[in-house]
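Each value in this text was obtained by applying a stated rule to the coordinates, not by laboratory testing. All figures in this text were calculated on a predicted structure; none of them were measured in a lab. Counting neighbours? That spans all protein chains shown, and the Cβs are built from the backbone with ideal geometry, glycine included.
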Ligand SMILES: [Zn+2]
């Protein structure tokens, strides 16, 4: 038996830790449905696999499971523009976008296709994030793996994201009167949409660790619109020791001194070794440790999903993260019913030869230890100057 974060937590957090807060898992039936169309990286059945794994392991109970509400128009207009909402809703219902809509809103494109259930699915992402923040205000530690659509813009879809649900979680905390809200983005891609939403808001600090040179190309070391925007672009093939050093220095040099009242964490699983859309090579133990450290920074905490295009590593990550958040031990070898769930998954983007047999029989990765390259120290010192 083990915990995902057991070997990797770099530092003791404040006295109140995630483990002291009762956790809650947010989902919606729409997330189980196939979406995005056959040839899209998000056509994989990852959300259902997370739920099935947790159920097979007896890690979910009625009192820990909540359904995301579907927000109304007024709620969506807190961030998204009326013209975009009109265009997205009409296109989603018709399953057809005009050339003008495709051009202006990036809807109905290869990147952000139209598919059955899109409107409700996008709304459930937002509703789940608002609910997560509300539950966090009540002292729960909320996990919403259907959230994390961090590329969405007020007036445009981007990067497989139609809305931007992390923005709504942050807004909910601000609406509650909090003045120090922290956003931590651990997805392999820069959290550009959330950064743009709050770069000018003195109440919000934004930190994103992502792979250098990846889409969307923002979040470089020189991209510092203010001291509250911290971008840590790491080089390809980042290992656990490098990733955890970055987190440790981020916390030590900047975040702990902030004393944030609430934190929203986007925990995309595409930073994991084996993901087809990034070259980061972090183990799920290290990524879970980063989530634990981040959530321990504030009294109120929300953990969202995000990217994750390898269904095996993503399902194991988020199921294991839920086990960690809810204090459940993880067996070294999964029982047959749980292994069957992983065996049924498929993915065109991951070659058979690249599939680690451990992805079918276990939850916790072995750590990916390695030397810390000079570039990592350069990124830390440039992004987190002391003094
Ligand atoms: Zn990503």
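Put a dot 7 Å past the Cα of residue 337, heading toward its Cβ, do the same for residue 42, and the two dots end up 3.1 nm apart. Using the alpha carbons alone, the radius of gyration of the range 265-387 stands to its Kirkwood radius in an Rg to Rh ratio of 1.00.
Each of 168, 115 was scored by other Cβ atoms within 10 Å of its Cβ. Listed from fewest to most, they are 115, 168. Highest average first, the peptides 264-270, 198-204 ordered by how many other beta carbon atoms sit within 10 Å of their residues are 264-270, 198-204. As a length-normalised measure over Cα pairs under 8 Å and 6 or more apart, the relative contact order of the range 113-222 settles at 21 percent. Working from Cα pairs under 8 Å separated by at least six residues, relative contact order for the chain is 22 percent.
Of the residues 94, 133, 338, the one that moves most in a GNM of the chain with alpha-carbon contacts below 10 Å is 94. Highest-first packing order for the peptide set 31-38, 51-58 is 51-58, 31-38, based on the mean count of other beta carbon atoms within 10 Å.
Remark: 125, 91 ranked as 91, 125, counting other beta-carbon atoms within 10 Å and listing the fewest first. Model label sites at residue 77 and residue 353, defined 7 Å from Cα along the beta-carbon direction, differ in position by 5.6 nm.
Translational diffusion of the chain was estimated from the Stokes-Einstein equation, with Rh taken as the Kirkwood radius over Cα pairs; at 10 °C and 1.306 mPa s the coefficient is 78 µm²/s. If you take the alpha carbon atoms of the range 44-108 and fit the smallest convex hull around them, that volume is 134 Å³ per residue.
Peptides 97-107, 369-379, 304-314, 351-361, ordered by how many other C-beta atoms sit within 10 Å of their residues on average, highest first, read 304-314, 97-107, 369-379, 351-361.
Exposure proxy ranking for 328, 285, based on other Cβ atoms within 10 angstrom of each Cβ and starting from the fewest, stands as 328, 285.
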